[in-house]
Each structure stands twice: as structure tokens, then as C-alpha cells.
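Student: Following this message is one structure expressed as C-alpha cells.
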Amino acid sequence: MTLPRLIVFSSGTSVGGGSGFEKLVFAAQERILRAHIVAVVSNHASGGVKEKADRLRIPFVYFPSPYTFQYYQKIITAFKSDFSVLAGWLKLVSGLNPKTTFNIHPGPLPDFGGKGKYGLHVHRAVIEDYKAGKVTSSAVCMHFVTEEYDQGPVFFYKSVPVFATDTPEDLAKRVRIVEHEFLPVIADLVVNNYICWDGKDPDTLCLPKGYSYFP
């Protein structure tokens with residue numbers, strides 16, 4: 001059986017990060033994720049993603065600005081990837097196929113998505129709305145990726161509780177646990193075409209029979 005080729009885009013930081021990428025590699029090794037991870041891409045030349053890539057023996061690509069159509073295409077072509085997953089990738093995507101590119105987001109979509117809505121920025125906004133009585137929980141979402149931040153169709157939604165005593169860091173830890181649990185499992189459904197769409201019309205979104213993580 002030929003496994004689908006998956007490339008991971010993961011920013012991390014200059015000193016850490018990349019835990020979602022690491023979970024995907026472990027899942028692929030355990031055949032939970034039925035895919036061949038061909039490379040990981042980061043906008044930091046060193047740091048958490050690079051360290052994990054070297055330790056896990058996954059090819060590492062440093063992707064500096066500008067984040068152009070041509071450079072995205074160059075990376076995809078070089079590694080002959082069938083699918084792209086954004087696991088903490090913080091740059092706007094251009095030139096990747098929306099049918100085969102998907103992202104995990106640490107907050108409820110569409111209300112807590114868009115430019116600048118990432119990491120602790122999302123968690124602060126959710127907590128503010130929770131204290132104002134506007135929301136009762138946060139969520140982890142997964143969606144296909146278009147050339148606008150967080151605008152592709154959502155195909156995974158898992159609520160995460162917010163507590164009155166939460167700091168953004170507290171909520172981030174709780175959200176990350178859910179991300180790590182579900183990212184490999186749902187990614188497997190995408191790369192094996194159980195979850196799909198035509199790349200243009202959100203109404204074409206297809207989900208497996210009995211699937212229960214749709215908003």
C-alpha cells in the first residue's frame with residue numbers, strides 16, 4: 001500500500017514549539033496516521049521544530065519571508081507531497097491546494113479566527129468573552145485552508161471548557177491536550193479521503209458516516 005505523502009508546516013518558536021508536529025510523527029510511526037511525513041517546514045532556522053525534526057529524522061525546511069506563491073509551490077514540488085497540514089503555522093498560505101491543505105486552530109471558528117488570532121491571542125479573546133457572558137466554552141477546530149486566514153470549511157469542532165479562574169496559559173494547556181489527542185486521528189481521515197471537499201464550495205464537504213465532530 002502506498003501511503004499518502006504529508007508535509008507539515010509548523011512555525012514553533014526560536015526556542016521551542018513543534019509539539020503538534022511531533023505528535024503527528026509519533027502517530028505515523030504507530031500507524032494511527034496512515035501517511036508518510038516527508039518533511040516539516042518552519043519559519044525559524046533553529047528552535048523547537050528544528051530540534052524535533054533532527055531528533056525524529058524528518059527532513060527540515062527553513063522557510064523565511066517572503067511567503068510567496070512561488071516558494072510554497074517550490075517546497076511542495078520538491079517533496080512531492082499529496083497533502084499539507086498546518087500545525088501551528090502562523091503565516092498566510094498562498095499557492096497550496098485548498099482541497100489538500102488543512103489547519104488546526106486553537107479556538108472556536110469563525111468567531112475567533114482571522115489575522116492575528118493565534119496562540120495566546122485567541123485564548124485571551126475567548127476568556128474575555130467568557131467573562132462577558134458571550135461564550136461558555138472554547139474549542140479546537142480543524143478546517144481546510146484557503147488564501148484567507150481561517151476561512152475554509154470547518155470539518156472538526158471539539159468544545160473545550162473555560163473556567164472562571166483561567167489565565168490564557170491555563171486555557172492554552174487544556175486546548176493543547178485536545179489538539180494533540182485529535183490532530184493525528186482527524187488528519188488520518190483527511191489524507192485518506194474520508195473527509196474532503198472540492199476546494200471551492202463549502203457545501204461539497206464530505207464526512208464519514210457516523211462522524212460526530214462537525215459543528
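Student: Once both axes come from the Cα atoms, what is the angle between helix 19-29 and the longest principal axis of the chain, in degrees from 0 to 90, rounded to 10?
Tutor: Once rounded, the angle reads 50 degrees.
Student: So for F182, F102, fewest C-beta neighbours within 10 Å to most, what's the order?
Tutor: Least to most surrounded, the residues fall as F182, F102.
Student: Sticking with this one: Relative to the longest principal axis of the C-alpha atoms of the chain, give the angle of the C-alpha long axis of helix 69-79, reported between 0 and 90° and rounded to the nearest 10°.
Tutor: Its long axis makes an angle of about 60 degrees.
Student: A follow-up question, please. Figure the gain on full extension for Y67 and L3 (residue separation times 0.36 nm, minus the Cα-Cα span) and round it to one decimal in nm. Display every interim value, and only then the final one.
Tutor: Values: separation 64, 0.36 × 64 = 23.04 nm, distance 2.84 nm.
Contour length minus the Cα-Cα distance gives 20.2 nm.
Student: With bins 10 Å wide starting at 0, give me the P(r) of the stretch 49-121 over every alpha carbon pair, in whole percents.
Tutor: Going from the shortest bin to the longest, the percentages are 15, 45, 34, 5.
Student: Report, in debye and to the nearest 20, how large the dipole of the stretch 5-204 comes out about its Cα centre when Lys and Arg carry +1 and Asp and Glu carry -1 on their Cβ.
Tutor: Dipole size: approximately 500 debye.
Student: Select from S65, S42, S138 the residue whose mean-square fluctuation is largest in a Gaussian network model of the chain (Cα-Cα springs shorter than 10 Å).
Tutor: Between S65, S42, S138, it is S65 that shows the largest mean-square fluctuation.
Student: May I pose another question? Toward the positive end of the charge dipole of the stretch 5-204, about the Cα centre and with charges on Cβ (Lys, Arg +1; Asp, Glu -1), which of V160, V93, Q70 goes farthest?
Tutor: So the residue we want is Q70.
Student: Right, next: Roughly how many nanometres apart are two label points built 7 Å out from the Cα toward the Cβ at H121 and S46?
Tutor: Between H121 and S46, the simple spin-label model gives 2.7 nm.
Student: Fully extended, how many nm does the chain gain between R34 and T77 (0.36 nm per residue separation, minus their Cα-Cα distance)?
Tutor: 13.4 nm is the gain from fully extending R34 to T77.
Student: Loop-only check: which trypsin sites (Lys or Arg not before Pro) in the stretch 164-215 are DSSP coil with at most 13 other Cβ within 10 angstrom?
Tutor: Filter output for the stretch 164-215: K200, K209.
Student: Taking +1 at the Cβ of each Lys and Arg and -1 at the Cβ of each Asp and Glu, which of G113, Y194, A35 sits farthest along the dipole of the stretch 5-204 towards its positive end, judged by Cα position relative to the Cα centre?
Tutor: Of the candidates, A35 comes out farthest on the positive side.
Student: Taking the dipole about the Cα centre of the stretch 126-205, with the C-beta of Lys and Arg at +1 and of Asp and Glu at -1, give me whichever of S137, Y149, V185 is farthest to the positive side.
Tutor: Ranked along the dipole, the leading option is S137.
Student: Output the 0 to 90 degree angle, nearest 10, between the alpha-carbon long axis of helix 168-191 and the longest principal axis computed from the alpha carbons of the chain.
Tutor: Roughly 40 degrees, rounded to the nearest 10.
Student: So if R0 is 35 Å, what FRET efficiency would S14 and E148 give, r being the distance between their Cβ atoms, rounded to the nearest 0.05?
Tutor: Once rounded, the FRET efficiency stands at 0.80.
Student: If you don't mind, there's one more thing I want to ask. Given the DSSP H assignment, sum -39500 (n - 2.57) over each helix run of at least 4 residues in the chain and divide by its residue total; what's the result at 222 nm in deg cm²/dmol, nearest 500?
Tutor: My calculation for the chain gives -10000 deg cm²/dmol from helical runs alone.
Student: A follow-up question, please. Along Cα→Cβ, 7 Å out, is where each label goes; now give me the distance between the ones at V185 and F214 in nm to one decimal.
Tutor: 1.8 nm
Where a number appears in this text, it was derived from the coordinates with a stated rule and is not lab data. It should be emphasised that the depicted structure is a prediction, and the values quoted were computed from it without experimental measurement. A quick note on method: Cβ atoms are made from the backbone with ideal geometry, for glycine too, and the neighbour counts reach across all protein chains shown.
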